[in-house]
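Just so it is clear, none of the values below were taken in a lab; they were calculated from the coordinates. All of these numbers come straight from a predicted model, not from anything done at the bench. For neighbour counting, all protein chains shown are included, and Cβ atoms are generated from backbone atoms with ideal geometry for every residue, glycine included.
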Amino acid sequence: MRATGDTLPPSIALSASAVLNVILDPIFIFGFGPVPAMGIKGAALATGIARLVSLSWSFGLLHYRCELLTRHWTGFREMFRYWGEILHVGLPNAATSMLNPLAMGVITRFIAGYGESAVAATAAGQRIEHFTYLVPMAMGASLVPIIGQNWGPDTWIAYGKSGSKQIGLVSSTVFPVYSLPFR
């Protein structure tokens, strides 16, 4: 939905889901009125309800506002063709996303031979390392809808302008903050 250029409705749907989860969590975990205390099962139920509401809202937006969902059945051949196009991009992305956790698991397995202290120290170091990736990862994630919106034969100039403005803004404001601890 973000790639269509309208980022507000999906943001509202996700935010409403988080707020609903915050409201329902204590009710289902500790109990309130006729709702009995369910503990961790209540937390899972609250999260499930919040995500179901967000999913329903998102499907409504996709169908009625963006007109991206249809009830017209085109057949299995067309469906598999679309799935193939999606997987052509999605599978390499999924494989790339799995590399870091798999590598960390292998590294942790090797370090486990040196004891719990070594594993704890490595985990602390990994958390610090992940903090340093925050800004570049956020930049990459925020460029995705901009690139998606401007993907086309005559829109690369707009992409270049918006992307370079965003990179310049982040570079001039966030990177100096990262350099403060090293003064």
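How many of the residues in the range 113-141 are under 23 Å from the mean Cα position of the chain (by Cα) and either without any contact (Cβ under 8 Å) to a residue 40 or more places away in the chain or under 16 Å from Pro101 (Cα atoms) (or both)? Can you show your working first?
We begin by selecting, within the range 113-141, every residue under 23 Å from the mean Cα position of the chain (by Cα); these are 123, 126-141.
Keeping just the survivors that are either without any contact (Cβ under 8 Å) to a residue 40 or more places away in the chain or under 16 Å from Pro101 (Cα atoms) (or both) gives 123, 126-131, 133-134, 136-141.
Adding up the residues that qualify gives 15.
Among Thr108, Thr96, which is surrounded by fewer than 10 Cβ atoms within 10 Å (Cβ to Cβ), part of a helix (DSSP H, G or I), free of Cβ contacts under 8 Å to residues at least 40 places away in the same chain and of a type in the set (S, T, N, Q)? Spell out the reasoning first.
Numbers: Thr108 fails: surrounded by fewer than 10 Cβ atoms within 10 Å (Cβ to Cβ).
Criteria check complete, one pass: Thr96.
Does Ser56 fit the bill of being closer than 21 Å to Ala141 by Cβ and either assigned to a helix (DSSP H, G or I) or among the basic types (Lys, Arg) (or both)?
Values: closer than 21 Å to Ala141 by Cβ: no; either assigned to a helix (DSSP H, G or I) or among the basic types (Lys, Arg) (or both): yes.
Against the criterion (closer than 21 Å to Ala141 by Cβ and either assigned to a helix (DSSP H, G or I) or among the basic types (Lys, Arg) (or both)), Ser56 does not qualify.
Considering only residues of the range 28-77 that are basic (Lys, Arg) and out of contact with any helix residue (DSSP H, G or I) (no Cβ under 7 Å at 6 or more places or on another chain), which is nearest to Ser17 (Cα to Cα)?
Going through the range 28-77, the residues basic (Lys, Arg) turn out to be 41, 51, 65, 71, 77.
Imposing the further condition that a residue be out of contact with any helix residue (DSSP H, G or I) (no Cβ under 7 Å at 6 or more places or on another chain) reduces the set to 41, 71, 77.
Values: Lys41: 18, Arg71: 26, Arg77: 35 Å.
Ranking the qualifying residues of the range 28-77, first place goes to Lys41.
If I ask for residues that are of a type in the set (S, T, N, Q) and loosely packed, with under 10 Cβ neighbours inside 10 Å, which ones from the range 59-85 would you list?
So in the range 59-85, the residues of a type in the set (S, T, N, Q) come out as 70, 74.
Thr70, the sole residue that qualifies.
Within the range 59-93, can you find the residues that are among the polar types (S, T, N, Q) and assigned to a loop (DSSP other than H, G, I, E, B)? Write out each step before concluding.
Residues of the range 59-93 that are among the polar types (S, T, N, Q), as a first pass: 70, 74, 93.
Result: Thr70, Thr74.
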